[in-house]
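Asker: Have a look at the structure that comes next, please.
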Amino acid sequence: MVLRRPVVALVLLGVVPALLWPAAAGSAVALWLLGVVLLVAVDVLLTPSPRSVRIARSPDPRTRLHEPVTTTLTVTSGARRPVRGELRDAWVPSAGAVEERHTLDLPPGERRRLSTVLVPSRRGDRPAAGVTVRLHGPLGLAGRQRTIEVPGVVRSLPPFRSRRHLPSRLARLRQLDGRSAVRTRGQGTEFDSLRDYVEGDDVRSIDWRATARRQHVVVRTWQPERDRRVVLVLDTSRTSAARVGDEPRLDAAMDAALLLAALAERAGDRVDLLAGDRVVRARSGSATGRAGGPGGLLHDMVTAMAPLEPRLVEADWTALASAVATVADRRALVVLLTPLEPAAVEEGLLPVLPTLTAHHRVVVASVADPALEALGTDLSSIEAVYDAAAAERTAELRRRTAQGLRTLGVTVVDEPPERLPVALTDHYLALKAQGLL
């Protein structure tokens, strides 16, 4: 049972006679309150039961982080009398429910659809918290209330903010592939075709046998390697939980992985994603057999990434390297998206790198914290000087760690979140142009 504001007004109204006629105050107030109680009881008895309201939810929606999506409840009245009241479609705070309260006014047997807009503020599965139905009595004094479990989940996908860089990288890829509007000599290792020599062509590309047959100079054109294997390994251990700006490192690494995957797929390469810490927690791509059709790879990847959260455990790089071996049975570009934390790298990653570099080309892509650089330049106070010294010490340890990785034949890409996707794809294009995949 719930009481409404008019009940409070009626109770206060009973105080007036007590003030005007103090001698009869006790009996007057008692009679007044008894009347109010009777009215409330009658109103509650005449209120339809919330159990007579049937509620069903539309299929679970999906959206990108910070983008709106609508979830719909279908409310059906099974009562014999009109149903009037309110309904609250509650969600966890990170689901970002907007205007979750709705007015109910249903004739007997009627059905209504009530929509709630969700704007998730966190990636992953954001569950519903229950639907509360509050029905009013005909007198407007009281009512009945019940919370009903109506399962629902909104899946918030990685936002893929770096997709704005994809058109420019695809244009560079087309130039490498020899399909640009102005035909240039394609670089790479796979023979494409012969064409007449034009001024500016590399003389090393002249095909002398074909030139002798045709009696004029012709050159070979090449195209970048295709059908190569790219394996993205996403670290979900404790080091990926640290926040850089307003998001975890894991989210920034996901953004870089998505841009590289989109570009590599368009280049004709096979892309696989492995995500894990002590065990592999998600995988998608060519090896799973689920990435068919245009856009299938990215759809698979964002679906696999969405529920991932950093785990407060150390990464088991031996287990992750074994997973790479099962995915890539021949030489591949292996991109390890892991923070460049000296202790974690030295104890966990370094021991397995010789095995990886013996069979694959390895890149370590790390999310750098721009706040660290900002701390190193602020010398405005004694406290700031100490902070700058600590920041410089941390930066020096990262540089030494990166240099140690390079001595093992590993390429290190260490950039802030907004620059990491571009730097990683540019490195991929450079390898593609040189035929080093």
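Asker: Being assigned to a loop (DSSP other than H, G, I, E, B) and more than 30 Å from the chain's Cα centre (by Cα) is the filter; apply it to region 422-437 and report the residue that is nearest to A257 (Cα to Cα).
Answerer: Once the filter is applied, the top-ranked residue is L436.
Asker: Of the conditions (1) outside any loop (DSSP other than H, G, I, E, B); (2) at pLDDT 90 or above; (3) under 29 Å from L135 (Cα atoms), P59 fails just one. Which one is it?
Answerer: Looking at each condition in turn, P59 falls short on (1).
Asker: I'm told T74 meets every condition in (1) surrounded by 18 or more Cβ atoms within 10 Å (Cβ to Cβ); (2) at pLDDT 95 or above except one. Can you identify the failing condition by its number?
Answerer: (1)
Asker: Same structure again: Just one of (1) small (G, A, S); (2) buried (at least 16 other Cβ atoms within 10 Å of the Cβ); (3) closer than 28 Å to S284 by Cβ trips up G376, so point out which.
Answerer: Of the numbered conditions (1) small (G, A, S); (2) buried (at least 16 other Cβ atoms within 10 Å of the Cβ); (3) closer than 28 Å to S284 by Cβ, the odd one out for G376 is (3).
Asker: May I pose another question? Could you pull out the residue among L139, L114, L135, L87 that is assigned to a loop (DSSP other than H, G, I, E, B) and at negative phi?
Answerer: Being assigned to a loop (DSSP other than H, G, I, E, B) and at negative phi holds for just one of L139, L114, L135, L87, which is L139.
Asker: Within region 400-421, can you find the residues that are part of a helix (DSSP H, G or I), free of Cβ contacts under 8 Å to residues at least 40 places away in the same chain and closer than 22 Å to P248 by Cα?
Answerer: Within region 400-421, none qualify.
Asker: Shifting gears a bit: Go through region 120-143 and give me each residue that's crowded, with 18+ Cβ neighbours inside 10 Å, farther than 30 Å from V302 by Cβ and out of contact with any His (no Cβ under 9 Å at 6 or more places or on another chain).
Answerer: V133, R134, L135, H136, G137, L141, listed by residue number.
Asker: Right, another one. Given the criterion among the charged types (D, E, K, R), at pLDDT 80 or above and crowded, with 18+ Cβ neighbours inside 10 Å, identify the matching residue among R169, R209, R164.
Answerer: Going through R169, R209, R164 in turn, the sole match is R169.
Asker: Here is a list: A28, A41, A79, A9. Which entry is over 30 Å from A306 (Cβ atoms), among the small types (G, A, S) and modelled with pLDDT under 80?
Answerer: Residue meeting the stated conditions: A28.
Asker: Moving on. In region 348-376, which residues are hydroxyl-bearing (S, T, Y) and in a strand (DSSP E or B)?
Answerer: Within region 348-376, S366 is the sole residue that qualifies.
Asker: Pick from region 118-142 the residues that are within 30 Å of R249 (Cβ to Cβ) and hydrophobic (A, V, I, L, M, F, W, C): which of them is nearest to the chain's Cα centre (by Cα)?
Answerer: V119
Asker: Suppose the filter is surrounded by 13 or more Cβ atoms within 10 Å (Cβ to Cβ), in contact with a Gly (Cβ under 7 Å, 6 or more places away or on another chain) and assigned by TED's automatic domain parsing to the domain that holds L260; does L308 pass it?
Answerer: no
Asker: If you don't mind, there's one more thing I want to ask. Consider T76 carefully, then state whether it is touching an Asp or Glu at 6+ places or on another chain (Cβ under 6 Å) and either in a strand (DSSP E or B) or of a type in the set (K, R) (or both).
Answerer: So T76 fails the test.
Asker: Within region 326-339, identify whether any single residue is surrounded by fewer than 20 Cβ atoms within 10 Å (Cβ to Cβ), in a helix (DSSP H, G or I) and assigned by TED's automatic domain parsing to the domain that holds R266, and answer yes or no.
Answerer: The answer is yes; a qualifying residue exists.
Asker: Looking only at region 37-60, how many residues end up being farther than 30 Å from A90 by Cβ and surrounded by fewer than 17 Cβ atoms within 10 Å (Cβ to Cβ)?
Answerer: Adding up the residues that qualify gives 3.
The values are calculated or read from the model by the stated rules, or taken from the named source; none is laboratory data. Since we're looking at a predicted model, the values are computed, not measured. Here the Cβ is made from the backbone with ideal geometry for all residues, glycine too, and neighbour counts use every protein chain on show.
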